[in-house]
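Chemist: Structure provided below as structure tokens; questions to follow.
Where a number appears in this text, it was derived from the coordinates with a stated rule and is not lab data. The structure displayed is predicted, hence computed values, not measured ones. Heads up, the Cβs are rebuilt from the backbone with ideal geometry, glycines too, and the neighbour counts pull from every protein chain shown.
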Amino acid sequence: METLVVVGGGAAGMSASSRVRRLKPDMEIVVFESTKMVSHAPCGIPYFVEGLFNDENLFMTYTPQFFEEKRKIHVKTNTKVTDIDFDSRIVYGESREGKIKAEYDYLVISTGAIPRKIPVEDGNDRIFYAHHPANAVELRERLWSLNTIAIVGGGILGIEMTEALTHIGKKVILIHRSKYLLNKTIDTELGNIITQRVSKDAEVRLNESVETIKEGGRLVVTDKGKYQVDGTIIAIGVSPNVELVKDKIKLGETGAIKVDDHMKTNYREVYSAGDNTESVNIITKKPAWVPFAPVANKMGYVAGSNIGGHEMRFPGVVNTQITKYKEFYIGRVGLQEDEARLHGFKPISATISGKTRARYYPDAKDIHVKIIADENTKRILGAQIVGGEEVLGRIDMMAAAIMKGFTIEDTFFIEMGYLPAISRVWDPVIVAIRQLMKDE
């Protein structure tokens, strides 16, 4: 009997193992997960901290018991893999019961990502990382006991944690080294809107870099001053978790594991999927690393399909992201304007502001749309939307258009639905596209 071993029980790992089980009912499948949770949702941590739900089991799409009983996948939680012998095809690890050793015919590495850190002095008992749901209960208990909290990093996690903590009455000092928040997600025009909104709830410190953190997280020292707080959250992004294999397996330009479009690594029958894995940007055709759950799940599905004998190729990524802050939803896909320039395109753009509903329908929300295209080919390169509603559907539409190489005119003629309660006869996205057509 053939054996599949999966290292890491997050989105990609469980997606891969579930797909293999469907295609190969008799294959032995073993998943090693270092925490108590599998198929978990780290994106839910800010909402747990905010108090929107209290049951930590809701972080898991399915429990380990479900996979054992319903899918016959052997899930070994609280088991850390410490070494992999790729030549002998053996995985070594440690659990509460002792050392483990498992031979494999196929291997999926899905170790995810790890939070980036900042130099600290004098301990770290008040420094927090909102990264893994297995630690969410302790994180919430400790944050709820504090009054003034610094958050370092004004990206997606930074503003989501700011929303959560200000909602429950905490004073937040948000320190960000760029000139506006979400600068790696949206361009200045839309970023300024969010920065102004967040500044109503929190003390936002822009163009400021943290040099060190002292007193266990109670003193944040920047290039512009010092902040005495009760605790500090580090939210400066993540890196591919490749520590286990970095000296053995081929890594890509992004620092993540390099794979082909079947999710195969440079070792025979060894696959990689998820936040530890490099992909290709569909627009630039260059290596890209996009650590988000939808991408991880599909990478796992592709790896599982190929292991199961059903050939499937992963096409690459267009970097679709969405988040929210209070009444605003914030979405982006494709390239930002500076990114487009960096990759050799000649970007043109149009930014418009409008309403989400027909002029006579009550409670319309503001919506702001930016569309970026290449002047030479007229191909759509990117889209950014900030609005009070109906952002996700519009950004997903633009993701499909960008993925398939739509031009300005192709996108203009997308036959969108119209209902006065949720849209306008000239949709804001099409209005922005129409502005670009004027440049032709």
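Chemist: Answer yes or no: is there a residue in the stretch 148-169 that is of a type in the set (Ser, Thr, Tyr), more than 18 Å from the chain's Cα centre (by Cα), in a loop (DSSP other than H, G, I, E, B) and surrounded by fewer than 20 Cβ atoms within 10 Å (Cβ to Cβ).
Modeler: No - not one qualifying residue is present in the stretch 148-169.
Chemist: So, in the stretch 181-202, of the ones that are under 20 Å from the mean Cα position of the chain (by Cα) and part of a loop (DSSP other than H, G, I, E, B), which residue ends up surrounded by the fewest Cβ atoms within 10 Å (Cβ to Cβ)?
Modeler: Filtering the stretch 181-202 for residues that are under 20 Å from the mean Cα position of the chain (by Cα) and part of a loop (DSSP other than H, G, I, E, B), the one surrounded by the fewest Cβ atoms within 10 Å (Cβ to Cβ) comes out as 184.
Chemist: Something else about it: Inside the stretch 386-412, can you point out the residues that are in contact (Cβ under 8 Å) with a residue 60 or more places away in the chain and over 18 Å from residue 345 (Cα atoms)?
Modeler: 386, 388, 389, 391, 392, 394, 395, 396, 398, 399 - these are the residues of the stretch 386-412 that are in contact (Cβ under 8 Å) with a residue 60 or more places away in the chain and over 18 Å from residue 345 (Cα atoms).
Chemist: Can you find even one residue in the stretch 228-240 that is within 30 Å of residue 86 (Cβ to Cβ) and buried (at least 20 other Cβ atoms within 10 Å of the Cβ)?
Modeler: Checked the stretch 228-240: at least one residue is within 30 Å of residue 86 (Cβ to Cβ) and buried (at least 20 other Cβ atoms within 10 Å of the Cβ).
Chemist: Exactly one condition in (1) assigned to a loop (DSSP other than H, G, I, E, B); (2) in contact with a Gly (Cβ under 6 Å, 6 or more places away or on another chain) is false for residue 130; which is it?
Modeler: (2)
Chemist: Restricting attention to the stretch 413-433, report how many residues are touching a Phe, Trp or Tyr at 6+ places or on another chain (Cβ under 7 Å) and free of Cβ contacts under 8 Å to residues at least 60 places away in the same chain. Break it down stepwise before answering.
Modeler: Initial filter on the stretch 413-433 (touching a Phe, Trp or Tyr at 6+ places or on another chain (Cβ under 7 Å)): 420-421, 425, 430, 433.
Cutting the leftovers down to free of Cβ contacts under 8 Å to residues at least 60 places away in the same chain gives us 430.
Residues meeting the conditions: 1.
Chemist: What pairs come up if the first residue lies in the stretch 206-224 and is touching a residue at least 12 places away in the same chain (Cβ under 8 Å), the second is in a helix (DSSP H, G or I) and among the β-branched types (Val, Ile, Thr), and their beta carbons are under 9 Å apart, counting only those six or more places apart or on different chains?
Modeler: Going by the 9 Å Cβ cut-off, the qualifying pairs are 206/195.
Chemist: Which residue pairs have Cβ atoms closer than 6 Å, lie 6 or more positions apart in sequence or on different chains, and pair a first residue in the stretch 166-183 that is basic (Lys, Arg) with a second residue that is buried (at least 16 other Cβ atoms within 10 Å of the Cβ) and part of a loop (DSSP other than H, G, I, E, B)?
Modeler: Close Cβ pairs satisfying both conditions: 179/206.
Chemist: When you scan the stretch 353-370, do you find a residue that is within 27 Å of residue 280 (Cα to Cα) and surrounded by 16 or more Cβ atoms within 10 Å (Cβ to Cβ), even just one?
Modeler: Within the stretch 353-370, one or more residues are within 27 Å of residue 280 (Cα to Cα) and surrounded by 16 or more Cβ atoms within 10 Å (Cβ to Cβ).
Chemist: Restricting to the stretch 400-440, name every residue that is outside any helix (DSSP H, G or I), among the small types (Gly, Ala, Ser) and in contact with a strand residue (DSSP E or B) (Cβ under 9 Å, 6 or more places away or on another chain). Spell out how you get there, then give the answer.
Modeler: Let us first name the residues in the stretch 400-440 that are outside any helix (DSSP H, G or I), namely 404-407, 413-427, 438-440.
After this cut, where a residue has to be among the small types (Gly, Ala, Ser) as well, the list is 405, 417, 421, 423.
405 - this is the single residue of the stretch 400-440 that is outside any helix (DSSP H, G or I), among the small types (Gly, Ala, Ser) and in contact with a strand residue (DSSP E or B) (Cβ under 9 Å, 6 or more places away or on another chain).
Chemist: Oh, and also: Suppose we filter 385, 395 for residues that are out of contact with any helix residue (DSSP H, G or I) (no Cβ under 7 Å at 6 or more places or on another chain) and surrounded by 18 or more Cβ atoms within 10 Å (Cβ to Cβ); which single one remains?
Modeler: Step by step, each of 385, 395 is checked, and only 395 is out of contact with any helix residue (DSSP H, G or I) (no Cβ under 7 Å at 6 or more places or on another chain) and surrounded by 18 or more Cβ atoms within 10 Å (Cβ to Cβ).
Chemist: Which strands (runs of 3 or more DSSP E) does the stretch 12-86 wholly contain that include 2 or more residues that are surrounded by fewer than 19 Cβ atoms within 10 Å (Cβ to Cβ), without any contact (Cβ under 8 Å) to a residue 24 or more places away in the chain and in contact with a His (Cβ under 7 Å, 6 or more places away or on another chain)?
Modeler: none
Chemist: Taking the stretch 343-362 as the region of interest, how many residues are part of a strand (DSSP E or B) and either under 24 Å from residue 390 (Cβ atoms) or touching a residue at least 60 places away in the same chain (Cβ under 8 Å) (or both)?
Modeler: Number of matching residues: 8.
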